[in-house]
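Structure first, then comments.
The values are calculated or read from the model by the stated rules, or taken from the named source; none is laboratory data. Quick caveat, the model's predicted, so the values are computed rather than measured. Every residue, glycine among them, receives a Cβ derived from its backbone with ideal geometry; neighbour counts consider all protein chains shown. Areas reflect the complete protein model, heavy atoms only, side chains present, ligands, DNA and RNA absent. Shrake-Rupley method; radii C 1.70, N 1.55, O 1.52, S 1.80 Å.
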Amino acid sequence: MKKFLLAIFAMLCVAGVSAQDWSAGARLGSGFQAVGTYSYNGNDYFEGRFGASWLGSVSADFTVLHNWQICTMDWTPSAGKWFFDAGVGLNVGGKAHYAYVGIAGLARLGIKFNNAPISVSVDYTPVIGPGIGYAGGHSQAVFRDLGFANFGVSCVYHF
């Protein structure tokens, strides 16, 4: 697990050596995560989240997503541009004697303000995969239905 996280971190560092489209913020909802994004194309971006999830009980949570900006709407032209994004990625996490992994989807609706480099959004990130309990040399995997309860509100600053 540590090698996997280190590889993801190294990949993001190498990709961002000449990056100018970074953003950072926080997400609150089914947990609290720090959020970082890197836009590499006009409508495509990578998103990484790391923090705690309190679905069921408090556990470490890490998510990597590739997102696409599907459309922008001009509902409030004086305030900013609304956007709808969709994405797919991987979610891993756990605590003592319990781990989970799954494929994550994303649907996000938000607004990027005109007068400030900030965006606020609401997202639904369902995760489909097993929860694995292990102790004393035995393990048991079950479908993790709490993965469907992954909602959040994000506030992100664009550099």
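Please build a GNM for the chain, connecting alpha carbons under 10 Å apart, and tell me which residue among HIS138, HIS97, HIS66 fluctuates the most.
Of HIS138, HIS97, HIS66, the most mobile in the Gaussian network model is HIS138.
For region 26-87, what is the largest minus smallest coordinate of the Cα atoms on each principal axis, given in angstrom and ordered from greatest to least?
Projected onto the principal axes, the Cα atoms of region 26-87 cover 41, 25, 15 Å.
Please state the Cα pair-distance histogram of the chain with 5 angstrom bins from zero: what percent is in each bin?
Histogramming the chain at 5 Å steps yields 2, 9, 17, 22, 18, 14, 9, 5, 3, 1, 0, 0, 0 percent.
Any idea which of TRP82, TYR100, LEU65 is furthest toward the positive side of the dipole for the chain, if Lys and Arg beta-carbons carry +1 and Asp and Glu beta-carbons -1?
Working it through, the farthest residue towards the positive pole turns out to be TYR100.
Could you pull the Cα extents of region 65-132 along its three principal axes, largest to smallest, in whole Å?
Cα spread of region 65-132 along its principal axes, largest to smallest: 51, 21, 14 Å.
Compute, for SER139, the solvent-accessible surface of its heavy atoms (probe 1.4 Å) with the complete set of protein chains present, and express it in square angstrom to the nearest 10.
90 Å²
Calculate the dipole size of the chain relative to its Cα centre from +1 charges on Lys and Arg beta carbons and -1 charges on Asp and Glu beta carbons; express the result in debye to the nearest 20.
Dipole magnitude for the chain comes out near 340 debye.
Please state the relative contact order of the chain as a whole percent: Cα pairs under 8 Å, 6+ residues apart?
Reported as a whole number, the value is 19 percent.
With every protein chain left in place, what is the accessible area per residue of the chain in square angstrom, probe 1.4 Å?
On the way: 8920 Å² over 159 residues.
Result: 56 Å² per residue.
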